Amino acid sequence: NDFFGAIAREARPGYFPKYFLGKQTYWTVVGVGGDPDEALLNEEGALEAGKGAFSIEPFVFTGGSLVTWRDVAMSHGLERGDLPIPTVWWKGDDVGLEVAPVATGDPGASTIWIRYRVTNRARERRDVVLDLALRPFQVLPPWQSLNVIGGATRVRRIAYADRTATVDDKRRVVSLTPPDRFGATTFEDDLVANYLRHGRVPQHAQVEDPFGYASGAFEYRLSLDAGASADVVLALPLHAGSPLPAASEDANALYARERAASMAQWQRALDRVEYVVPAADESMIRAVRSTLAYIEINRDGPAIQPGSRNYARAWIRDGAFTSVALLDAGHTEEVRDFLRWYATFQFPDGRIPCCIDRRGADRVPENDSEGEFLFTLAQYYRYTRDVGFVYELWPAATRAADAILALRARRSTPEYDRDE
C-alpha cells in the first residue's frame, strides 16, 4: 500500500483510489440478508467484488479528456430513503453518471447487478466512452486492518471470453450489455495513464502479470444527443453457483426486474413494524430501517456480525445488543438461529466464548459472555414465548449459569472478606 501510495501521489488525482492520497473514502455494503459474501460500494462509485477482491471502477472519456471521480460533484442516496439499494451520482460539466448496484438471489448463490447510466449534459451531441475498469484495489481502505488489510489486492490473471471477464480463475464479471471491446494489461503498462486517458483499452483480451497487479477494462462507445442517456448493465456473481441469465435476455429489462424484486423483498422485511412519529423525525425512522437492513446483510447465515470486512466476526456481546434490535423489529427467527448456533461453541466448563470467527471460538476469557448469552435467550422468550426453544437450550443455559457461579466462587473465599 505504501508503494501504490507513492505512485498515486505522483499521478494525476483521480487515477488512483482516494485513500492512496491519505483521504478518507466512505462506503456502504451491497448484498442479500444472510449471505456469507457481499460487495462494497464507495462514494466515488467503485464496487468491490467481494471480500478481499478487486474493484470495478468507472471512467468516462469525452471531449478529448478522461473524467474521473476527482473531476465531478458526487451525491448519494438509498432507494426509498431507507432500503439498502444505494446509488452514486456523478455530475460533471458535460457528462453525468449513475452507478446503481442491487443484490438478489439466495444466500450462498447471490448476484450483484450494476447499472451504469451515462448522460450527456452538453448542449450538443457527444461521443462518450464509458470504461469499467477491473483494478487490483479494494474499496476497503488500507488503514482498516483488523483481520483483513484493505487497499491493494493481488490480481495475477485476467481472461476475457463471451462477454465475461474472469479474474484469477475465480471471480467473474459479466457484461450483459455487449461491450465494444475488452482489454487487459500488466501493472507496469498502466491501464489508466497509457490507455484510458487516451480513450481506448489495451489490445490484449487476457493477461498474466508476474508482479500480481493486473488490470482490465470493458469499453462502451456511446453516441448521445444533448440530454440523452444510455445504460450499461453488468452482473457480478458472488459465488460459483450464482445463476446467470441467458445471453439473449434484454439487459435493461433484466435489471429492472431484479431491482423490483429486491425492493419488494426489503419492503417486506423492513415494514413488519410500523413506526408512528412526527414528520420531523421521519429521517430517524429511515435510519432505523436501513440499519436493520445492514444487520441482515452483515449476517453470515446464523452468525450475527457487526460488519462485513474487518468486523466479520460474531461476538456474543454485539449479538445480544443486535438481537434486541431484531426482536423489536419483528425478526425473531434470526435471533433463534443465532442462539442455537452460538450454543454449539460452548466450552465443556459452561463458559460461552466471547467471539467466533472462521477459526472457531476465541478462548479469551471475557467474563461477561455467559450473562450476555442468558440475557439474549431471556429476551427471545420475552418477545416470542417460545417455550420449546428455551427447553432446547436449557442445558446450555444452566451450564452458563454454573460457569458464572464458579467464577464468583473464585472470589468468595475468606481472604476476599478482609478490608484490604
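The values are calculated or read from the model by the stated rules, or taken from the named source; none is laboratory data. Bear in mind the structure is a predicted one, so any value in this text is a computation, not a measurement. Cβ atoms come from the backbone with ideal geometry, glycine included; neighbour counts cover every protein chain shown. Just the protein is used for accessible areas: all its heavy atoms, side chains included, with ligands, DNA and RNA removed. Shrake-Rupley method; radii C 1.70, N 1.55, O 1.52, S 1.80 Å.
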Inset, instruction - Rank Glu124, Glu98, Glu219 by mean-square fluctuation in a GNM of the chain with C-alpha springs under 10 angstrom and give only the top-ranked residue. - result: Glu124
Legend entry - Amide H contacts under 5 Å for Asp300, placed H, 5+ residues apart: Gln305
Legend entry - Distance violations [Cα-Cα > 23 Å] among Lys51/Lys91; Lys18/Lys91; Lys23/Lys91; Lys23/Lys170: Lys51/Lys91; Lys23/Lys170
Inset, instruction - Kindly write out, for the range 328-342 in residue order, the coupling ³J(HN,Hα) from the Karplus curve 6.51 cos²θ - 1.76 cosθ + 1.60 (θ = phi - 60°), rounded to whole Hz, with x marking Gly and Pro. - result: 4, 8, x, 9, 8, 5, 5, 5, 4, 5, 4, 5, 4, 5, 5
Legend entry - Length added when fully stretched, Ala264-Asn252, from 0.36 nm per residue minus Cα-Cα: 2.5 nm
Inset, instruction - Report the residue, chosen from Arg359, Arg221, Arg172, that carries the largest GNM mean-square fluctuation when the chain is represented by alpha-carbon nodes joined by springs under 10 Å. - result: Arg359
Inset, instruction - Enumerate the calculated ³J(HN,Hα) couplings along the range 256-266 in order (Karplus 6.51 cos²θ - 1.76 cosθ + 1.60, θ = phi - 60°), each rounded to whole Hz, writing x wherever the residue is Gly or Pro. - result: 4, 5, 5, 5, 5, 5, 5, 4, 5, 5, 6
Inset, instruction - Two decimals is fine: what is log10 I(q)/I(0) at q = 0.14, 0.16 Å⁻¹ for the range 246-291, from a Debye sum with one equal scatterer on every Cα and no solvent? - result: -0.51, -0.59
Inset, instruction - Working with all protein chains in place, sort Trp266, Trp315, Trp394, Trp143 by solvent-accessible area computed with a 1.4 Å probe, largest first. - result: Trp394, Trp143, Trp315, Trp266
Inset, instruction - Using only the C-alpha atoms of the chain, find the volume of their convex hull and express it per residue in Å³. - result: 192
Legend entry - Dipole magnitude (debye, nearest 20) for the chain, charges at Cβ of Lys, Arg, Asp, Glu: 420
Legend entry - Gyration tensor verdict on the range 264-420 (Cα atoms; rounded if a/c is under 1.5, prolate if a/b is larger than b/c, oblate otherwise): prolate
Legend entry - the range 84-163 - share of DSSP beta bridges that are antiparallel (%, nearest 5): 100
Inset, instruction - Please report how far the C-alpha centroid of the range 299-336 lies from that of the range 178-225, rounded to the nearest whole angstrom. - result: 41
Inset, instruction - Given the options Pro348, Pro58, Pro13, state which has the largest fluctuation in a GNM of the chain using a 10 Å cut-off (strictly under) for Cα springs. - result: Pro348
